[in-house]
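Structure first, then comments.
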Amino acid sequence: MARRMELGFPKSASYSLREQAARTILRNVRSQGHSYVELREDGKRFIFFCTLCLAPCYSDSVLFNHLKGTLHTERLSAAKLTLLGPNPWPFDDGVLFFHKPVEGDNQVRSLNDNQERLLEYHNNDNNLAIVSYVDHSKGNGNGHGEFNGNVRNVEDCSFENLDDGGDNGPLVIPGVLIKDEISDIRVRELGYGQIAARFTEKDGIVCGISRIWCEWLGKVNAGLENKVKVPVHDYAIVTFTYNVDLGRKGLLDDVKLLLSSSTGAEPETDENSRVKRKKCFSDSEDVSQSMSHQYDSSVMLNKSVKRELKRQQRLASERMCDICQQKILTHKDVATLLNMKTGRLACSSRNVNGVFHVFHTSCLIHWILLCEYEMSVKNLGGSKVRRRYRRKNKTKGNKYSKNGETRQIKTQIDSVFCPACQGTGIIVDGDDLEKPTIPLSEIFKYKIKVSDARRAWMKSPEVLQNCSTGFHFPCQSEETLQENMKHLKLVHFYGAFV
């Protein structure tokens, strides 16, 4: 409860007792192997939360009943094959991952942390390693920045150039909005994820994909390079510890503007105004009345600012992950896409202000898997669905024309991109920003597909040596098909931490 004390809130005896009792129950539950159960603060009460089932439990009895329930039993069986291995995913995003080695069990997660975090954000300057921003987009002609010191460019991060422990120094990503300023941030290698899939064959011809997944390999070691011979993905995942201002303009700008415009009007400079003011304050009664009016207006101003602050906090606390539509919690892990060819965040090609979108870390992994699935299926051959979409696009071609510019509208995914803005992180010239190419209706369908394939995976996951997450696409045909597993790509994972 350090945050409450730092903010000046009194810690009552009853509150302390409730917290102590909840922590005792949590320790007992976790000692029995339920590492996915955590304690969150909902208003003035503590609740237990089962990350495997996304189930809030408002008392210890509800928690115990849940842990014995059918749904939890099914999810636990799947988790033992996917998330509870000896080398777990090193993330805690609140919707799938629940393991963060650097933090203990004694920190309470708050469902309303966005409000507190909004107030204490200025005390957390060490969250990111920030260096001064320099525009390197024109430095060497290929979109990579020229950095001196013990830092690396993205182009240096090939599989062969990495070693265990990240001794090659941090990676620098330019042009990122941090605390209302465009900065270069340094991120460190966390490890690799390996994307693989199980392809189905009929009469010796590959006809589909039944499962696709990403398993956590961790840091590079001497044996891994010889064991895995697959290409490095064109996109990496950069993780952050979430706060409400991350990746977007400050939410309190309106409040600051209100304060600056209402703390007192600029003194009038004309002669008549000065005479009137001098005359007004020459009388003691007038002075007292004036001070009284100022005090009343100050009280009203404080109330107005507080109302605006609460409104801004409410908006901040309602930020949702654009992929799963679940709430994003402060202090949890979120992630964004990094284009490994250009060294820039994927969203950078859709704006020039350093703004970027964040998602639950697991959700962004799932989005990459969906993109890989769609591209792989596309390469297997034609389909009736694509022909139907092609005819449909001809009739709707004019719908996507703007200012005389007609953009090519697609319904198929041919590259990984940000699911919120469709940015890919390519280098753009001036204001010639990248344009979305897939209709929002199709993006919505893809997100539904992510949800359905995830549920199917939890019912029938791939059995692997490493911790994993993935999709399952049940075969609709009753024919017997042969399946072959194939490694596809390695994905970099970086952490924006000191």
When restricted to GLN422, GLN412, GLN408, the only residue in a loop (DSSP other than H, G, I, E, B) and modelled with pLDDT of 85 or more is GLN422
From the set of residues in region 459-486 that are modelled with pLDDT under 95 and not in a loop (DSSP other than H, G, I, E, B), which is most open to solvent (accessible area, probe 1.4 Å)? LYS459
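Just give me the residues in region 473-484 being out of contact with any Asp or Glu (no Cβ under 8 Å at 6 or more places or on another chain) and of a type outside the set (Val, Ile, Thr), in sequence order. I'd like the intermediate steps shown before the answer.
Step one: filter region 473-484 for residues out of contact with any Asp or Glu (no Cβ under 8 Å at 6 or more places or on another chain), giving 473-480.
Selection gives PHE473, PRO474, CYS475, GLN476, SER477, GLU478, GLU479.
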Selection count where residues are more than 19 Å from SER376 (Cα to Cα) and surrounded by 14 or more Cβ atoms within 10 Å (Cβ to Cβ), scope region 407-434: 11
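Could you tell me whether LEU67 is of a type in the set (A, V, I, L, M), open to solvent by 60 Å² or more (accessible area, probe 1.4 Å) and without any contact (Cβ under 8 Å) to a residue 40 or more places away in the chain? Show your work before the answer.
Values: of a type in the set (A, V, I, L, M): yes; open to solvent by 60 Å² or more (accessible area, probe 1.4 Å): no; without any contact (Cβ under 8 Å) to a residue 40 or more places away in the chain: yes.
When the stated conditions are applied, LEU67 does not pass them.
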I'd like to check something: does region 438-454 contain any residue that is open to solvent by 40 Å² or more (accessible area, probe 1.4 Å), assigned to a loop (DSSP other than H, G, I, E, B), farther than 30 Å from GLU74 by Cβ and modelled with pLDDT under 95? no
Of all residues in region 359-381 being in contact with a Gly (Cβ under 9 Å, 6 or more places away or on another chain) and at pLDDT below 95, which is surrounded by the most Cβ atoms within 10 Å (Cβ to Cβ)? VAL377
So which residues in region 428-452 are under 17 Å from LYS410 (Cβ atoms) and among the aliphatic types (A, V, I, L, M), if there are any at all? ILE438, LEU440, ILE443
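The values are calculated or read from the model by the stated rules, or taken from the named source; none is laboratory data. The shown structure was predicted, so the numbers you read here are calculated from the model rather than taken from an experiment. Positions of Cβ are generated from backbone atoms using ideal geometry, with glycine treated the same way; all protein chains shown enter the neighbour counts. Accessible surface areas use protein heavy atoms only, side chains included; no ligands, DNA or RNA. Shrake-Rupley method; radii C 1.70, N 1.55, O 1.52, S 1.80 Å.
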